[in-house]
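Here is the structure we will look at, set down as structure tokens.
Derivation of every value follows stated rules applied to the coordinates shown; laboratory data play no part. Worth saying up front: this structure is predicted, and the values here are computed from it rather than measured. Here the Cβ positions follow ideal geometry from the backbone for every residue, glycine too, while neighbour counts run over all protein chains shown.
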Amino acid sequence: MTILNNVTAETITSSILILIVIGLRIVVDKLVKRYARNHQRLERRANLVIKYIHLLINILAIIILIVIWGVEKKDILLTVSSITTVVGVAMFAQWSILSNITSGVILFFFFPFRIGDVIKIHDKDFPIQGIIEDINAFHIHLKLESGETATYPNNLLLQKGISIIKDTFEDKEFTD
């Protein structure tokens with residue numbers, strides 16, 4: 001009888017967790033989309049950020065479900081550390097991918113430039129100026145004055161100084 005009571009308690013707790021996860025995902029969707037609308041960000045980029053946050057929520061929910069169903073803590077730590085080690089070694093060679101994804105999320109929330117802005121990237125060795133055509137998870141597309149399209153990694157945008165240049169300059173007479 002106690003086994004049945006334990007299974008029932010675990011089932012109810014798991015059901016509550018699933019409802020919380022669903023509610024949290026809905027709230028995250030609405031908040032990120034509202035932020036994107038209010039700050040004139042692209043819907044496609046908002047959906048990408050939502051995917052990343054959903055992935056994090058799902059991973060946390062799986063870990064909580066494992067704890068709810070009574071897997072011992074030492075086994076959880078062993079499994080998590082093993083998975084982390086494998087993923088860490090596999091991703092070590094791909095650190096730039098993770099860096100660009102993280103930078104893409106940071107650029108979405110905190111940087112003031114948008115598609116259509118003319119920007120100048122202050123790189124000592126290779127300064128670049130162009131119109132932003134697209135902003136993706138990994139890089140941006142810039143249309144250069146020469147007509148070429150250049151891609152620039154998101155993580156370098158966070159490392160370099162950037163100026164937003166007005167698209168049109170008004171000629172005004174200046175008098176003393």
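Points to keep in mind about this one:
- The slack between Leu60 and Arg34, meaning 0.36 nm per residue of separation minus the straight C-alpha distance, is 6.9 nm.
- Extension gain, Phe110-Ile128: 0.36 nm per intervening residue step, less the Cα-Cα distance, totals 4.3 nm.
- Gain in span if fully extended, Ile165 to Thr8, counting 0.36 nm per residue against the direct Cα distance: 50.3 nm
- Separation in nanometres of the label points that stand 7 Å from Cα toward Cβ, at Leu17 and Ile53: 2.2
- With R₀ set to 25 Å, the beta-carbon distance separating Val86 from Arg25 gives a calculated FRET efficiency near 0.40.
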